[in-house]
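The values are calculated or read from the model by the stated rules, or taken from the named source; none is laboratory data. Just so we're clear, the structure is a prediction, and the values are computed from it rather than from any experiment. Counting neighbours? That spans all protein chains shown, and the Cβs are built from the backbone with ideal geometry, glycine included. These accessible areas exclude ligands, DNA and RNA; they are computed on the full protein's heavy atoms, side chains included. Shrake-Rupley method; radii C 1.70, N 1.55, O 1.52, S 1.80 Å.
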Amino acid sequence: MFRDMRALVFILMALLVPAITELIPARQVSAQQGVTFVLDQVVGGLSSPVFLNHAGDGSGRLFVVEQAGRILIVRNGGVLPTPFLDIRGQVSFGGERGLLSVAFHPDFKNNRRFFVNYTARRPNLMTIIAEYQASMSNPDLAHTAEQVLLTIDQPFDNHNGGQLQFGPDGYLYIGMGDGGSGGDPLGHGQNLNSLLGKVLRIDVNGAFPYRIPPDNPLVNGPGADEIWALGLRNPWRFSFDRLNGRLFLADVGQNTMEEVDVVDRGSNLGWNVMEGSRCFQPPNGCSTAGLTLPISEYTHSLGSSITGGYVYRGNAHPQLRGTYLFGDFGSGRIWGLTETNLGTWTRTELRGPGFNISSFGEDEEGEIYVVNYSGSIHRIRITGSPGDVNPEVLIPSTARTGRFTSLLTVLNPGSTSDTIELFSRSSGGSVLGSSSQVVPGKGFFRAVDILGELGVPEGSFGPLTVRSLTGRPLVVVSEVRSQQATAGFLPGLTVSSGGLDLLLPEVVDSGTRGQAGTFRTNLGVNNLGDIDAEVQIEMIDSSGATLGMQSIRVPGRGMSQIDGIARTLANKETEGYLKLSSQRPIHAWASKINNATDDPSLEVALGSGFDESGVKLLIPSVSGTDRFKSLVVVVNRGGKSNDLVLTARDTGGNVVARLNRSVPVRGIFRSTDVLREMGAPVGAFGPLTIESSNGELFSAVSEVYSAEGTAGFFPAVAPSSATLRRLIPEILSNGSSGEGGTFRTNIGVNNLGFVSANVVVEFVGRDGQIVSETSFSVPSKGLAQISVGPTPPVGSYAMIRADQPVHAWATKIDNGSQDPSVVMSVASE
């Protein structure tokens with residue numbers, strides 16, 4: 001936050017003129033999407049607030065940290081009169097010192113444990129990491145009994161760091177500055193035996209005061225075991241992307257540069273050899289070998305003390321999703337940082353100079369707040385044309401052939417009716433048929449043969465787009481069906497979710513048409529823009545070697561297909577993955593086709609954005625039963641060899657098997673029966689987690705298959721993208737097991753949290769009315785399944801509400817053949 005003595009000037013100004021600051025209207029700066037970034041005040045009248053957090057207990061409360069030593073509760077837009085915690089008598093407050101942050105245990109709802117970071121003189125200045133507990137009888141009040149976990153001597157009054165945050169791994173992360181003064185005169189940043197100038201990582205769930213996580217980078221080597229990353233000057237604020245677990249850290253600079261870093265295990269951020277990307281000591285000719293350079297930085301012409309924020313993952317402003325929001329304490333500017341391609345970041349100024357931003361905060365739903373050091377809390381809001389907010393939704397492929405038809409479901413999650421427009425297009429992008437439909441609030445539109453309803457002739461094939469005339473978000477899904485079975489589901493995709501760098505992890509050619517037990521892969525590429533896209537396609541094998549390449553042109557608004565893509569590129573039977581690169585955003589998908597039956601299974605490409613890739617991923621369900629097996633493919637997207645850890649659990653959350661593998665650069669791990677290869681018991685069934693032990697990124701997919709065919713693909717999802725509310729668009733129950741031509745749906749819910757989740761499933765009909773509901777619990781780290789039927793009626797959808805973040809999915813099962821097809825849920829407000 002504050003920088004040396006210059007910070008005191010800002011502090012004094014803020015304390016002297018808080019009323020004036022509140023009277024100055026916030027300058028609103030339009031973002032690239034043509035919308036406006038606004039800050040709405042939630043509460044005022046605070047005293048030097050420096051942090052905001054939530055407890056993750058479903059209460060909706062916000063906890064505000066005041067620097068002098070109080071934690072206040074904000075509920076329903078007001079501050080409760082009694083502080084949650086008041087330790088002003090213990091805190092050394094002034095300048096950069098004080099009570100600096102609070103972190104709530106992941107199981108706070110049950111164990112009531114929380115942790116604080118503050119400075120005290122006992123008798124010399126030190127940082128205190130201490131544990132407290134909320135009252136059982138009054139959850140709005142904390143006990144004053146303190147348990148000190150860790151003390152760290154501070155040689156100077158500044159650069160105390162101060163951030164506490166629990167990571168998605170359940171460990172407590174601690175941000176420590178270099179100890180102060182200027183230029184790191186005592187050399188703490190690069191000293192492995194000092195806890196100053198570091199990010200620390202400890203386990204507070206074991207023996208008191210803490211344990212060392214066994215995978216901390218310096219365990220069993222030289223240096224302090226608590227260290228997770230080093231080379232920091234003053235990491236005032238850091239946070240984890242709740243979607244993929246990446247750690248974003250803002251490090252306050254010295255004379256010239258302010259920086260944003262993505263921190264991995266063992267990262268060396270360079271201080272005091274480097275200040276940002278520039279040499280500091282020595283001032284010229286320094287070596288960057290082994291250092292992690294910033295993903296973004298700015299000079300003091302734009303600000304003087306960076307304040308780290310959060311990657312936006314809320315639902316209120318979809319145009320901000322995936323954007324890292326951060327600001328500057330000195331200038332008051334707020335920026336958005338987006339990853340336009342893997343490793344390529346673009347910074348956009350969203351708000352001009354304003355008040356002193358001491359922190360950002362996040363509520364349980366992922367909405368972001370700005371903390372004004374002068375005494376107020378503000379929630380971000382986006383305004384602008386609804387047309388800018390909701391781009392049209394693409395179904396990559398629909399069919400009306402002699403064998404296949406496409407079912408379409410469009411949900412309107414809003415409370416009032418909406419009008420939607422549907423456009424069927426040819427592969428060249430021309431419109432073949434269109435219509436408009438009124439969809440009631442909370443209701444849906446469903447067509448079992450959408451191309452037939454649009455008047456498109458038999459034999460047609462191509463993409464379909466859906467647009468809301470009011471600009472509201474829509475949930476869209478399509479199922480490709482034949483008289484024999486279902487080919488699977490294609491989710492609705494938006495323009496903004498298109499990528500420049502896409503992967504299809506499972507691509508094979510193992511035989512010829514008509515040959516039993518073999519498969520081929522057909523590729524489809526969509527272009528949602530109006531201008532033709534040039535796409536480079538590369539086939540890569542398990543070692544990371546290129547097997548073949550080809551360029552194609554995809555017409556504007558159209559699509560291109562290549563049958564037998566693996567053999568086309570490699571000129572032989574092979575297996576591997578496809579990498580697609582384009583200068584314009586594209587979508588891609590594949591049909592993995594059984595050569596004996598010509599039945600396809602649909603796989604959607606994964607982008608380089610971290611909605612689809614990460615250091616920790618979840619496959620919602622893998623199977624090792626008598627009938628069904630699970631194929632798993634994991635692609636190493638990083639720039640170095642990656643150590644892969646697979647953990648299989650049963651439905652109760654118990655670990656049944658683990659597997660470690662090293663995956664080469666650009667290489668893959670592929671197992672045709674992953675549970676057998678892991679050594680899981682015969683008949684095992686449950687979730688599978690995929691973790692990177694060295695911070696490199698993975699993309700992954702799983703295919704459930706049997707001797708008769710494939711059940712479809714489970715795309716890997718980020719565990720931290722779980723939400724309290726989810727929608728499953730297509731629910732069907734129109735027959736019983738063994739009855740040909742009918743289907744039933746099974747719903748699965750995953751809970752990777754630390755406590756059990758209570759779940760309510762509401763089944764909603766076409767008119768938006770709730771038809772029926774059911775409730776159940778999902779154990780920690782586990783999975784629960786329910787079978788739908790005999791109600792709800794044909795063609796409802798499921799609204800899932802939980803008191804802990806969950807993922808959800810469904811299998812639509814052919815009652816005649818017992819073959820399932822997988823559809824994933826989507827997050828809902």
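Tell me yes or no: at least one residue of segment 494-504 is touching a residue at least 24 places away in the same chain (Cβ under 8 Å), surrounded by fewer than 16 Cβ atoms within 10 Å (Cβ to Cβ) and at positive phi. No, every residue in segment 494-504 fails to be touching a residue at least 24 places away in the same chain (Cβ under 8 Å), surrounded by fewer than 16 Cβ atoms within 10 Å (Cβ to Cβ) and at positive phi. For segment 362-378, the set of residues classified as assigned to a strand (DSSP E or B) and closer than 18 Å to R333 by Cβ consists of I368, Y369, V370, V371, N372, S376, H378, listed by residue number.
Return the residues of segment 65-108 that are over 22 Å from P139 (Cβ atoms) and open to solvent by less than 10 Å² (accessible area, probe 1.4 Å); say none if nothing qualifies. Of everything in segment 65-108, those that are over 22 Å from P139 (Cβ atoms) and open to solvent by less than 10 Å² (accessible area, probe 1.4 Å) turn out to be Q67, G98, L100.
Among residues that are outside any loop (DSSP other than H, G, I, E, B) and out of contact with any helix residue (DSSP H, G or I) (no Cβ under 8 Å at 6 or more places or on another chain), S301 is not included. Considering S613, S630, the condition of being in contact with a Gly (Cβ under 8 Å, 6 or more places away or on another chain), open to solvent by less than 60 Å² (accessible area, probe 1.4 Å) and within 17 Å of P719 (Cβ to Cβ) is satisfied by S613 alone. Here G161 does not fit the description of being open to solvent by 10 Å² or more (accessible area, probe 1.4 Å) and of a type in the set (G, A, S).
So that you can scan it fast, the table gives a plain yes or no per residue for (1) open to solvent by 10 Å² or more (accessible area, probe 1.4 Å); (2) aliphatic (A, V, I, L, M); (3) farther than 20 Å from I395 by Cα:
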{"position": "Q536", "(1), (2), (3)": "yes, no, yes"}
{"position": "M539", "(1), (2), (3)": "no, yes, yes"}
{"position": "Q550", "(1), (2), (3)": "yes, no, yes"}
{"position": "G558", "(1), (2), (3)": "no, no, no"}
{"position": "I562", "(1), (2), (3)": "yes, yes, no"}
{"position": "L580", "(1), (2), (3)": "no, yes, no"}
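Every condition in (1) open to solvent by 10 Å² or more (accessible area, probe 1.4 Å); (2) within 30 Å of T597 (Cβ to Cβ); (3) under 30 Å from the mean Cα position of the chain (by Cα) holds for G452 except the one numbered (3).
Applying the selection to segment 664-691, what residues are within 26 Å of the chain's Cα centre (by Cα) and either open to solvent by 20 Å² or more (accessible area, probe 1.4 Å) or among the β-branched types (V, I, T) (or both)? Residues satisfying the conditions are P664, V665, R666, I668, R670, V674, F685, T689, I690, E691. Kindly evaluate E458 against the criterion of being in a loop (DSSP other than H, G, I, E, B) and more than 30 Å from V632 (Cα to Cα). Yes.
Has segment 211-221 got at least one residue that is open to solvent by 10 Å² or more (accessible area, probe 1.4 Å) and within 26 Å of G366 (Cα to Cα)?
no
In the set (1) within 29 Å of the chain's Cα centre (by Cα); (2) surrounded by fewer than 19 Cβ atoms within 10 Å (Cβ to Cβ); (3) modelled with pLDDT of 90 or more, the condition left unmet by L464 is number (2).
Do you know which residues across segment 770-786 are aliphatic (A, V, I, L, M) and buried (at least 21 other Cβ atoms within 10 Å of the Cβ)?
Listed by number, the residues that qualify are V778, L783.
The set of residues in segment 359-376 being under 25 Å from the mean Cα position of the chain (by Cα) and modelled with pLDDT of 90 or more consists of S359, F360, G361, E362, D363, E364, G366, E367, I368, Y369, V370, V371. So which residues in segment 304-345 are more than 21 Å from V393 (Cα to Cα) and charged (D, E, K, R), if there are any at all? Within segment 304-345, D328, R333, E339 meet the criteria.
Considering only residues in segment 749-786 that are of a type in the set (S, T, N, Q) and under 20 Å from R242 (Cα atoms), the one that is modelled with the highest pLDDT turns out to be N750. For segment 331-358, the set of residues classified as buried (at least 16 other Cβ atoms within 10 Å of the Cβ), closer than 18 Å to D241 by Cα and polar (S, T, N, Q) consists of T338 only. Among the residues of segment 203-214, just one is in contact with an Asp or Glu (Cβ under 6 Å, 6 or more places away or on another chain) and part of a strand (DSSP E or B), namely R211.
Looking only at segment 742-769, which residues are open to solvent by 30 Å² or more (accessible area, probe 1.4 Å) and of a type in the set (S, T, N, Q)? Residues satisfying the conditions are N746, S756, N758, Q769. Within segment 388-425, the set of residues being outside any strand (DSSP E or B) and at pLDDT 95 or above is empty.
What do you reckon, is N284 part of a loop (DSSP other than H, G, I, E, B), surrounded by fewer than 16 Cβ atoms within 10 Å (Cβ to Cβ), out of contact with any helix residue (DSSP H, G or I) (no Cβ under 6 Å at 6 or more places or on another chain) and of a type in the set (S, T, N, Q)? Yes.
Filtering T119, T151 for residues that are in contact with a Ser or Thr (Cβ under 9 Å, 6 or more places away or on another chain), in a strand (DSSP E or B) and open to solvent by less than 30 Å² (accessible area, probe 1.4 Å) leaves a single hit, T119. Among the residues of segment 244-264, those that are over 18 Å from L302 (Cβ atoms) and touching a strand residue (DSSP E or B) at 6+ places or on another chain (Cβ under 7 Å) comprise N244, G245, R246, L247, F248, L249, V262, V263.
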